[in-house]
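Below: the structure, in structure tokens.
Laboratory data are not the source of any read-out in this text; all were calculated from the coordinates shown. What you see is a predicted model; the values in this text were computed from it and never measured. Ideal geometry is used to build each Cβ from the backbone, glycine not excepted, and the neighbour counts take in all protein chains shown.
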Amino acid sequence: MNDIQEHYKGKDTFSHLLEARGRGHVAGHEAHGIEPSGVKNAFIDTAKTLVTLLPFLALFFAQLQIPIQQQVVLMSVFAIGFVAWHTGRSCFLGWTRLEKLHRVMLQEKKEIEENRAVEKQELREIYALKGFEGKLLDDVVNQLIQDDSRLLQVMLEEELGISIYCQVHPLKQGFGALCGGLISGFFVIFMTFFYGWLGCLITSISILFICAILFAKHQNNRIIPSTVWQLALFGLSFGCVYFLLQMLM
């Protein structure tokens, strides 16, 4: 078995690339959560989660007949604590993802340094699958193999499906979560102060509706099914809690 076959572990080029893309996909996702990376995603995720929780608090406080001023104070304290936690969580998940990507980069860099001939042959087969052939294929491979930095970038993108320039700094991701929580929390609590738990509910549904649309567009998902599902799940859970409280209290 030659070096390239040993590197492929008996698989053909296409199967090897599928396996490598799988490793890159795992490296690009969180180990301790499912929040997608990016400032917009962090903003939407924090806002959506907070406005889902606040109506339940407002409903409990209303059932306990707590004065509205105290409700606002308690909801504000809860919102601040939640936003602080979610901001830290977003930063932590971002750092975790970058650490995994860094390990993958070091592993690929080591493979290039120790098995340059194998990497060159692998690069040739990758570009052959793309339709390059003859002198053009030779020129492309020879040009890429001369620059270690460029070769590493190409192997990460073509073999593992990882783009190092599309990664978001964890602090930026945390800032997105912070803004999403503060803005959504302010509007919900503000409306709670004037209109009670019903105002909190309507405002939360409105923000949840907007977040569902933004998230669907950002992920290139269908807007209507995504929005309907999120609103339906919220309505079902809130309705269950509401009717249980009416029965038990």
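Can you figure out the FRET efficiency of residue 202 with residue 157, using R₀ = 35 Å and their beta-carbon distance, to the nearest 0.05?
Numbers: r = 46 Å, r/R0 = 1.33.
About 0.15, to the nearest 0.05.
What FRET efficiency comes out for residue 195 versus residue 132 if R0 is 51 angstrom and r is the Cβ-Cβ distance? Round to the nearest 0.05.
0.20
From Cα pairs below 8 angstrom and at least 6 apart in sequence, can you work out the relative contact order of segment 98-217, rounded to a whole percent?
Details: 42 pairs, mean separation 20.0, N = 120.
This gives 17 percent for segment 98-217.
Show me the trypsin sites (Lys or Arg not before Pro) within segment 78-159 that DSSP assigns to loop and that have at most 16 other Cβ atoms within 10 Å of their Cβ.
Numbers: sites: 89, 97, 100, 103, 109, 110, 116, 120, 124, 130, 135, 150; in loops: 130.
Here the trypsin sites (Lys or Arg not before Pro) that fit, given the DSSP loop and packing criteria, are 130.
Placing unit charges on C-beta atoms (Lys and Arg positive, Asp and Glu negative, everything else neutral), compute the dipole magnitude of segment 12-248 about its Cα centre in debye, rounded to 20. Don't jump to the answer; show the numbers that get you there.
On the way: 19 positive and 21 negative charges, 209 e Å.
It works out to roughly 1000 debye.
What number, in percent, do you get for the relative contact order of segment 85-168 if the mean sequence gap of Cα pairs under 8 Å and at least 6 apart is divided by its residue count? Intermediate values should be presented prior to the final figure.
Details: 30 pairs, mean separation 25.4, N = 84.
Reported relative contact order: 30 percent.
List the GluC sites (Glu not before Pro) within segment 49-149 that fall in a DSSP loop (any state other than H, G, I, E or B) and whose Cβ has at most 14 other Cβ atoms within 10 Å.
Details: sites: 99, 108, 111, 113, 114, 119, 122, 125, 133; in loops: 133.
Qualifying residues, ordered by number: 133.
Determine the alpha carbon to alpha carbon distance for each of 109/217; 172/217; 109/172; 48/100 and list only those over 29 Å. Display every interim value, and only then the final one.
On the way: 109/217 36 Å; 172/217 21 Å; 109/172 27 Å; 48/100 27 Å.
Too far apart for the 29 Å limit: 109/217.
How large is the convex hull of the Cα atoms of segment 12-248 per residue, expressed in Å³ as a whole number?
Values: hull volume 33.4 nm³, N = 237.
Spelled out: Cα convex hull of segment 12-248, divided by residues, is 141 Å³.
Provide the per-residue ³J(HN,Hα) series for segment 228-236, in order, calculated from phi with Karplus coefficients 6.51, -1.76, 1.60 and θ = phi - 60°, each as a whole number of Hz, with x at glycine and proline positions.
For segment 228-236, the Karplus curve yields 4, 4, 5, 5, 5, 5, 5, x, 5 Hz.
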